[in-house]
Amino acid sequence: MSSEQKVLFIESKQGRFVVSSTPKPTSPPPGELIVKVQAAALNPADWKIQVFGVFYEKYPAIVGYDVAGDVEEVGEGVVGFRKGDRVFFQGHFVNEYAGFQQYTRARAEFVAHIPKQLSYSQAASFPLGLATAAIGLYANQPSGIGLNPLFDSSVNYSGQAALVIGGGTSVGQYAIQLLRYAKFGPIITYASGHHSEYLKSLGATECIDRKQVSLSQLPEVVKKLTSAAPIKVIYDVTSYDIDSQLISYGILADDGRMVLAGESKLKDKIDGDGSKKTVVRVFGSPYIPENQEFGKAMYKSLNKLIEDGDLVAKA
Ligand SMILES: NC(=O)c1ccc[n+]([C@@H]2O[C@H](COP(=O)([O-])OP(=O)(O)OC[C@H]3O[C@@H](n4cnc5c(N)ncnc54)[C@H](OP(=O)(O)O)[C@@H]3O)[C@@H](O)[C@H]2O)c1
């Protein structure tokens, strides 16, 4: 078998994508796997890294963070995985662990078996979007707002209202499902109307059409829906500027908790405003030190959550 493999490189900082070849990884270190990649999903992170030149110091760089494939080699000490197992996992911002190559390394503690009902492509739609939703909502601070750090099925927030802004995104779809798993209700989402039926199948109880209602009108519309139940939790996927983030923050109950997928612009505006609101900016990777314990718990839970239908792949 050839010791070379095909790879998709970003050839230099903010440079072009090029197909090239590189040595195939072998002999994984303890605790790791080598996986033959069968599917690697596209993610906004791929183009953002290319265009903005972030996260990588060394080039050529390999991206691709949503990966599914077959275990090729198993490192010492790895329990629960054998050659040939179908697995999925999140890639990392380091060439050896990224998805756009034929073989890649993966830390076994952040790998899950693919449930029987899923294809490789469906499995590859989970990792980064799900991690961003789950870390933000479920992991303890500072990573997230701490709703359910161990994926405990008995956690019950019924009667508490939650809002997902940008419910049509991949992150938003997983956020809705995780809020349903934690039994929030009502679960309101702000997304294009053509997503409404699907988002309701994932657990949204109310869908506000972003093509009909502007962001500045959203507080009023949400208030009408929840006059008796202030919004305790917001996951804001799509607000990146201060004006939009202030609108979300204004909708949140005084003791509410909010997750932002974009960089928070709120700090200077809300420090010292006297409220007990919590705002967390998520970093959707299990690899960074503060997310690792949560990442292990998440990957242990994933196979069952999908088999039980609590989480479905992005449409
Ligand atoms: N902090 C982190 O670690 C992290 C990790 C992952 C992603 N992100 C960020 O989260 C965002 C979503 O990522 P993703 O992978 O979930 O995206 P995605 O699946 O590619 O989302 C695409 C959808 O976004 C919807 N959309 C676009 N602008 C919107 C807006 N202003 N309001 C509501 N919906 C809007 C569009 O829906 P319609 O046009 O159909 O309405 C489109 O279907 C990206 O900006 C990404 O960079 C952050």
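The values are calculated or read from the model by the stated rules, or taken from the named source; none is laboratory data. The structure presented is a predicted model; accordingly, all values stated were derived computationally and were not measured. Cβ coordinates were reconstructed from backbone atoms using ideal geometry, including for glycine residues, and neighbour counts include every protein chain displayed. With ligands, DNA and RNA removed, areas are computed over all heavy atoms of the protein, side chains included. Shrake-Rupley method; radii C 1.70, N 1.55, O 1.52, S 1.80 Å.
For region 130-281, what is the charge dipole size about the Cα centre, in debye to the nearest 20, if Lys and Arg each add +1 at the Cβ and Asp and Glu each add -1 at the Cβ?
Charge dipole, region 130-281, about its Cα centre: 220 debye, nearest 20.
Of all accessible surface on the chain at a 1.4 Å probe, what whole percent is carbon and sulfur?
About 51 percent, which is the carbon plus sulfur part of the accessible surface.
Based on the Cβ-Cβ distance from LYS58 to SER21, what FRET efficiency comes out when R0 is 25 Å, to the nearest 0.05?
It comes to 0.90.
Students often check this: by mean Cβ neighbours within 10 Å, which of 15-22, 104-111 ranks highest, and how do the rest follow?
104-111, 15-22
Label points 7 Å out from Cα along the Cβ direction at GLN117 and SER158: separation in nm?
Each label point is offset 7 Å from its Cα along the Cβ direction, giving 2.3 nm.
Compute the Cα gyration tensor for region 254-311, then decide on rounded, prolate or oblate, letting a ≥ b ≥ c be the square roots of its eigenvalues: rounded whenever a/c is under 1.5, prolate when a/b is larger than b/c in the other cases, and oblate in all that remain.
Note, shape of region 254-311 comes out prolate.
Estimate the FRET efficiency between ARG82 and GLN141 by the formula 1/(1 + (r/R0)^6), using the beta-carbon distance for r and 35 Å for R0, to the nearest 0.05.
Here the calculated transfer efficiency is 0.40.
Find which of GLY193, GLY129, VAL222 sits farthest along the positive direction of the dipole of the chain, computed with +1 on the beta-carbon of Lys and Arg, -1 on that of Asp and Glu, about the Cα centre.
GLY193
May I ask for the distance between the Cα centers of region 88-136 and region 240-315, given as a whole number of Å?
Measuring centre to centre over Cα atoms gives 20 Å.
Enter the accessible area per residue of the chain (Å², integer; probe 1.4 Å; all protein chains in place).
Computed with neighbouring chains in place, this is 45 Å² per residue.
Placing one identical point scatterer on every Cα of region 4-125 and ignoring solvent, what is log10 I(q)/I(0) from the Debye formula at q = 0.09 Å⁻¹?
Calculated log10 I(q)/I(0) at the listed q: -0.23.
What's the extension gain from LEU225 to GLN5 if we count 0.36 nm per residue and subtract their Cα-Cα distance?
73.7 nm
What Kirkwood radius, in Å to one decimal, follows from the Cα pairs of the chain?
20.2
What does the charge dipole of region 231-315 about its Cα centre add up to, to the nearest 20 debye, if the Cβ of each Lys and Arg holds +1 and the Cβ of each Asp and Glu holds -1?
So the dipole magnitude of region 231-315 works out to roughly 160 debye.
Taking a cut-off of 25 Å between Cα atoms, list the lysines near LYS24, but don't count ones fewer than 8 places away on the same chain.
Qualifying lysines at Cα under 25 Å: LYS6, LYS13, LYS36, LYS58, LYS83.
Taking springs between alpha-carbon atoms closer than 10 angstrom, which of SER201, SER227, SER244 fluctuates most in the Gaussian network model of the chain?
The residue with the greatest mean-square fluctuation here is SER227.
Roughly what would the spin-label model give for LEU246 and ASP209, points 7 Å off Cα along C-beta, in nm?
Taking the two extended label points, one gets 3.0 nm.
Under unit Cβ charges (Lys, Arg +1; Asp, Glu -1), what dipole magnitude, rounded to 20 debye, does the chain have relative to its Cα centre?
For the chain, the charge dipole is close to 320 debye.
Once the Cβ-Cβ distance between LYS267 and ASP70 is put in as r, and R0 is 51 Å, what FRET efficiency do you end up with, to the nearest 0.05?
0.70
Over region 125-254, what per residue volume does the convex hull of the Cα atoms give, in whole Å³?
107
Quick one: of the DSSP bridges fully inside the chain, what percent are antiparallel, nearest 5?
Here the antiparallel bridges make up roughly 60 percent for the chain.
With a/c under 1.5 counting as rounded, go ahead and sort region 74-163 into rounded, prolate or oblate using the C-alpha gyration tensor (a ≥ b ≥ c being the square roots of the eigenvalues; past the cut-off, prolate if a/b is larger than b/c, else oblate).
Prolate is the answer for region 74-163, as a/c is 1.5 or above and a/b outweighs b/c.
Take every Cα pair under 8 Å in the chain that's 6+ residues apart, average their separations, divide by the length, and report that relative contact order as a whole percent.
Relative contact order of the chain: 16 percent.
Work out the count of Lys pairs in region 148-278 where the Cα-Cα distance is under 22 Å, with the pair 8 or more places apart or on different chains.
Within region 148-278, the lysine pair count is 26.
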